[in-house]
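Below: the structure, in structure tokens.
What follows is calculated from the coordinates using simple rules that are stated; it is not laboratory data. For clarity, every value in this text was computed on a predicted model and none was experimentally measured. Cβ placement follows ideal geometry from the backbone for every residue including glycine, while neighbour counts extend to all protein chains displayed.
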Amino acid sequence: MEPLPEGALATLSPGATKLEDVLRRLGPPLFAWELPQQGSALAWGWFHSGGWQVKISVPTGSKVLSPYIDYGNEVERMRGAVLFFDRDLKLVSMREGSIRDLREETRARPDEATRAEDE
């Protein structure tokens, strides 16, 4: 996967750019997730490594061939950008870094009301 075009993020304006403009400029995202009571987040990612690591294993003891393909932990090493949108699908902010770290930081967490109901 290739990085976003040079300067592509600089053409986006938080508070003014709409989701449709972002998609037109950056193409489809790799990941999307909802941010409860805030909006949504979309991630574009790329690799800094020079190649892919693919492992294929085929069980030899079964009558039915069921191959297993493992792409390794490539997504864990993916760099990228996460763009945050409000409920009106306007860009609010952007962050660059490790996709794994950015997703973990913004993962939906139960709000106080939900936690109180669970107790």
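Sorting the segments 4-13, 22-31, 77-86 by their mean number of nearby beta carbons within 10 angstrom, highest to lowest, gives 77-86, 22-31, 4-13. Ranked by the mean number of other Cβ atoms within 10 Å of their residues, highest first, the peptides 14-21, 89-96 come out as 89-96, 14-21.
Rounded to the nearest Hz, the phi-derived 3J(HN,Hα) couplings of region 6-21 under the Karplus curve 6.51 cos²θ - 1.76 cosθ + 1.60 (θ = phi - 60°) are 3, x, 4, 5, 5, 7, 9, 10, x, x, 10, 6, 9, 3, 4, 5, where x marks glycine and proline.
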